[in-house]
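Have a look at the structure below before the remarks.
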């Protein structure tokens, strides 16, 4: 098998993050609650239940139709040796003209600087009476610092889960593939869903593997070729 980039480190794969948003039963409640938050802003925690549940994708979709909403992505590069005080000040400068603040964190524990800055941002949002939505998937016992954990537990939570049924899973995969300009036959998606673990996180990894192999081998994506290459995932 040819060496290939990992799912989240490949620059080309980032294009697949924000294809057409696929509505599904597992996201319906979160979509409705975010729509209400846009009208009546407050403090809201969008709690993704697992990786690849689509929290960043959903927020990107919402922000595209709300000019007053600004998203802070904490996984972007930051100035070296930046303190928590400097970080929250930098965040606030980007939020100056926004009425709806959003912080999108990667799954798992956050770094201490982000944790302290996020605590102070919550306090700023409360005093300024603006809407703040925090999108984060993190185990309760990994929430830190303690002040941040306390504030988060007092916030309203809305859970977001990845789709589990074949139809929405296939639709999400098709959207990601099309965003990569890869025309993947529906029958191939069926092979993926029937021969590998049926979780979205795993299916997205499989999709990346197949797209990369197809492009570098210069072959047409057929059901037989997919079955042969699935043994390498």
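The values are calculated or read from the model by the stated rules, or taken from the named source; none is laboratory data. In this text the structure is predicted, and so the values were computed from the model without any measurement. FYI the Cβ positions are ideal-geometry reconstructions off the backbone, even for glycines, and counts take in every protein chain you see.
Limited to segment 47-89, what total is found for residues that are surrounded by fewer than 13 Cβ atoms within 10 Å (Cβ to Cβ) and within 18 Å of residue 125 (Cβ to Cβ)?
Qualifying residue count, segment 47-89: 1.
What single numbered condition from (1) surrounded by 18 or more Cβ atoms within 10 Å (Cβ to Cβ); (2) over 19 Å from residue 149 (Cα atoms); (3) free of Cβ contacts under 8 Å to residues at least 60 places away in the same chain; (4) in contact with a helix residue (DSSP H, G or I) (Cβ under 8 Å, 6 or more places away or on another chain) fails to hold for residue 100?
(3)
I'd like the residue in segment 1-46 that is more than 16 Å from the chain's Cα centre (by Cα) and surrounded by 14 or more Cβ atoms within 10 Å (Cβ to Cβ) and, out of all such residues, is modelled with the lowest pLDDT.
Ranking the qualifying residues of segment 1-46, first place goes to 4.
I need the helices (runs of 4 or more DSSP H) fully contained in segment 105-209, keeping only those with at least 3 residues that are in the same structural domain as residue 79 (by TED's automatic domain parsing), more than 17 Å from the chain's Cα centre (by Cα) and surrounded by fewer than 16 Cβ atoms within 10 Å (Cβ to Cβ).
On the way: elements: 112-128, 146-154, 166-179, 186-195.
The helices (runs of 4 or more DSSP H) meeting that bar are 112-128, 146-154.
All but one of (1) within 24 Å of residue 153 (Cβ to Cβ); (2) modelled with pLDDT of 85 or more hold for residue 65; state the number of the condition that does not hold.
(1)
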